[in-house]
Amino acid sequence: MPGNQERTFIAIKPDGVQRGLMGEIIKRFEQKGFKLVAMKFQQAPEELLKQHYIDLKDRPFYSGLVKYMGSGPVLAMVWEGLNVVKTGRVMLGETNPADSKPGTIRGDFCIQVGRNIIHGSDAVASAEKEIELWFKPEELVAYKSCAESWIYE
Ligand code: IDP
Ligand code: MG
């Protein structure tokens, strides 16, 4: 079903990587039933990070944000599934961890907005843009999940 093929861009930020939270975060998306389509561990170039957050370029925290995102490697991922953009955001919690409920990734694992460990696309259109920015088309892996008919009716 085409709706089940919605995709979102999720990135574990340098603090999430350094704090050893990659496995925990991947586990949550995997156990939810979403399907991993691409994954890349990299020290992101500054130009990529500036472009990724270009909509925030006039905000006072923009340069600090770009510096934070470049302060170590990030784990960039594409996850697929029904309503994965919106549900992914719910799984992340609010932008400010202080407003994030326990049970969400930011609610469980971080304290400050400037160290909120994870990025997730906020809309289907921005997900498409972000996936194109971070991945080459051939890096998106096509395969059938054996669990599909146990996750979707
Ligand atoms: P989002 O990551 O929940 O989509 P955005 O408003 O798109 O939130 O902001 C992007 C990122 O910028 C946040 O995840 C956070 O890392 C950082 N950020 C947002 N607001 C602030 C702030 O007031 N101070 C410092 N960093 C901020
Ligand atoms: Mg955002």
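The values are calculated or read from the model by the stated rules, or taken from the named source; none is laboratory data. Note that the structure is a prediction, hence the values are computed from the model and not measured. All Cβ positions, glycine included, derive from the backbone under ideal geometry; neighbour counts span all protein chains shown. Accessible surface areas use protein heavy atoms only, side chains included; no ligands, DNA or RNA. Shrake-Rupley method; radii C 1.70, N 1.55, O 1.52, S 1.80 Å.
In summary, the convex hull built on the alpha carbon positions of region 1-126 has an orientation-averaged projected area of 7.4 nm². With all protein chains in place and ligands, DNA and RNA left out, the 1.4 Å accessible area ranks TRP79, TRP150 as TRP150, TRP79, largest first. Positive end of the dipole of region 26-153 (Cβ unit charges, origin at the Cα centre): among TYR152, ALA98, ALA44, the Cα lying farthest that way belongs to ALA98. Excluding same-chain neighbours fewer than eight residues apart, the aspartates and glutamates reachable from LYS40 by a Cα-Cα span under 15 Å are GLU130, GLU132, GLU138, GLU139. Legend: residue pairs LYS27/LYS57; LYS101/LYS144; LYS57/LYS144; LYS27/LYS136; LYS27/LYS144, Cα-Cα distance threshold 31 Å; pairs beyond threshold, LYS27/LYS57; LYS101/LYS144; LYS57/LYS144. Its Cα centre serving as origin, region 1-117 has a Cβ charge dipole (Lys and Arg +1, Asp and Glu -1) of approximately 100 debye.
Return the single residue from ASP58, ASP99, ASP15 with maximal mean-square fluctuation; model: Gaussian network over the chain, springs between Cα atoms under 10 Å. Looking only at ASP58, ASP99, ASP15, the biggest GNM fluctuation is shown by ASP58. Taking trypsin sites (Lys or Arg not before Pro) across region 105-153, the ones in a DSSP loop with at most 13 further Cβ atoms lying within 10 angstrom of their Cβ are LYS144.
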